[in-house]
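Each remark here refers to the structure printed beneath this line.
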Amino acid sequence: MKKTISVFFIYLLAIPLVINLIFSWNNLLASTITVIIQILFLFFNYKNSIINDFKNFKIKYLKTALIKWCLLFISMLVLNMIIISIVGDASSNESSQRSIIAIHPILCLITIGLLGPISEELAFRKNFKEGIKNEKYFLIISSLIFGFAHLISGFADGTVFTNPLELLFILPYASMGYFFASAYLKTNNIFTSTIMHIFHNIITIVIIIGG
């Protein structure tokens, strides 16, 4: 568990802090470089497990990914509709991402659509699964932390402090994390949840670009 916590601390705080200090003049470039370094860092820590998952991935796992994604989509749609009706607007994380996507659609497809999901699945699923052996605890803890991590922008820009109801958005993000985690557990393969996550993010970005 100590390794899980230390790896996550470096992933979530140390790497982004250092990169953003160096590349503060370009937030999107800093984000892209950060994600690449995070992936390399996580791969270094779990290389054998990741390679083993790659070798053992089966096509039938795609069916699991699709079913779980459909449940994820319905869950997020319902929760977001309810929370937006209470809060009055989308989460600050979604709003900021929409703005960035509108300006840099291609780079966002690469960073948010492809690299981001790989980084997050290794950090929130692979890393936590290695440290939390109890499956029930793994589902709950990894999902809640995943949800909370997606509210960081709300803390950074002060939205959460001016409108504490923004914290309700932890529910749809945690729901997303739950279905990613359950797909990982069902197949015992990180590439199942990773493919599912990439599919979800790219679909979302394409909708935003088209809308």
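The values are calculated or read from the model by the stated rules, or taken from the named source; none is laboratory data. Here the structure is a predicted model, which is why all the values come from computation and not from measurement. Glycine gets a Cβ as well: all are built from the backbone with ideal geometry, and neighbour counts include every protein chain shown.
Taken over region 3-33, the residue count meeting the criterion of being under 22 Å from residue 130 (Cβ atoms) and without any contact (Cβ under 8 Å) to a residue 24 or more places away in the chain is 5.
Tell me yes or no: at least one residue of region 150-170 is among the aromatic types (Phe, Trp, Tyr), at pLDDT below 95, surrounded by 20 or more Cβ atoms within 10 Å (Cβ to Cβ) and in a helix (DSSP H, G or I). Yes, the conditions are met somewhere in region 150-170. Taken over region 80-97, residues that are assigned to a helix (DSSP H, G or I) and over 19 Å from residue 208 (Cα atoms) amount to 5. Filtered by the rule that a residue be touching a residue at least 40 places away in the same chain (Cβ under 8 Å) and either in a helix (DSSP H, G or I) or farther than 16 Å from residue 185 by Cβ (or both), region 49-65 gives 49, 50, 53, 54, 56, 61, 62, 64, 65.
Conditions tested, residue by residue: (1) within 20 Å of residue 117 (Cβ to Cβ); (2) of a type outside the set (Asp, Glu); (3) under 19 Å from the mean Cα position of the chain (by Cα).
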{"site": "1", "(1), (2), (3)": "no, yes, no"}
{"site": "5", "(1), (2), (3)": "no, yes, yes"}
{"site": "11", "(1), (2), (3)": "yes, yes, yes"}
{"site": "16", "(1), (2), (3)": "yes, yes, yes"}
{"site": "32", "(1), (2), (3)": "yes, yes, yes"}
{"site": "40", "(1), (2), (3)": "yes, yes, yes"}
{"site": "46", "(1), (2), (3)": "yes, yes, yes"}
{"site": "51", "(1), (2), (3)": "yes, yes, no"}
{"site": "54", "(1), (2), (3)": "yes, yes, no"}
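Within this structure, residue 100 passes the test of being within 23 Å of residue 166 (Cα to Cα), hydrophobic (A, V, I, L, M, F, W, C) and either in a helix (DSSP H, G or I) or in contact with a Leu (Cβ under 9 Å, 6 or more places away or on another chain) (or both). Would you check if there is a residue in region 46-62 being charged (D, E, K, R) and either closer than 11 Å to residue 196 by Cα or in contact with a Pro (Cβ under 9 Å, 6 or more places away or on another chain) (or both)? Taking every residue of region 46-62 in turn, none turns out to be charged (D, E, K, R) and either closer than 11 Å to residue 196 by Cα or in contact with a Pro (Cβ under 9 Å, 6 or more places away or on another chain) (or both). Within region 127-137, which residues are surrounded by fewer than 23 Cβ atoms within 10 Å (Cβ to Cβ) and closer than 18 Å to residue 186 by Cβ? 129, 130, 132, 133, 134, 135, 136, 137 - these are the residues of region 127-137 that are surrounded by fewer than 23 Cβ atoms within 10 Å (Cβ to Cβ) and closer than 18 Å to residue 186 by Cβ. On the stretch given as region 81-97, residues that are more than 17 Å from residue 205 (Cα to Cα) and in contact with a helix residue (DSSP H, G or I) (Cβ under 8 Å, 6 or more places away or on another chain) total 4. Of all the listed residues (143, 193, 182), the sole one being small (Gly, Ala, Ser), closer than 21 Å to residue 3 by Cβ, in contact (Cβ under 8 Å) with a residue 60 or more places away in the chain and crowded, with 16+ Cβ neighbours inside 10 Å is 193. Could you check region 10-48 and list, in sequence order, the residues that are in a loop (DSSP other than H, G, I, E, B) and at pLDDT 95 or above? Residue satisfying the conditions is 46 alone. Quick one: would you say residue 59 is closer than 25 Å to residue 160 by Cα and exposed (fewer than 12 other Cβ atoms within 10 Å of the Cβ)? Here the answer is no, as residue 59 does not meet what is asked.
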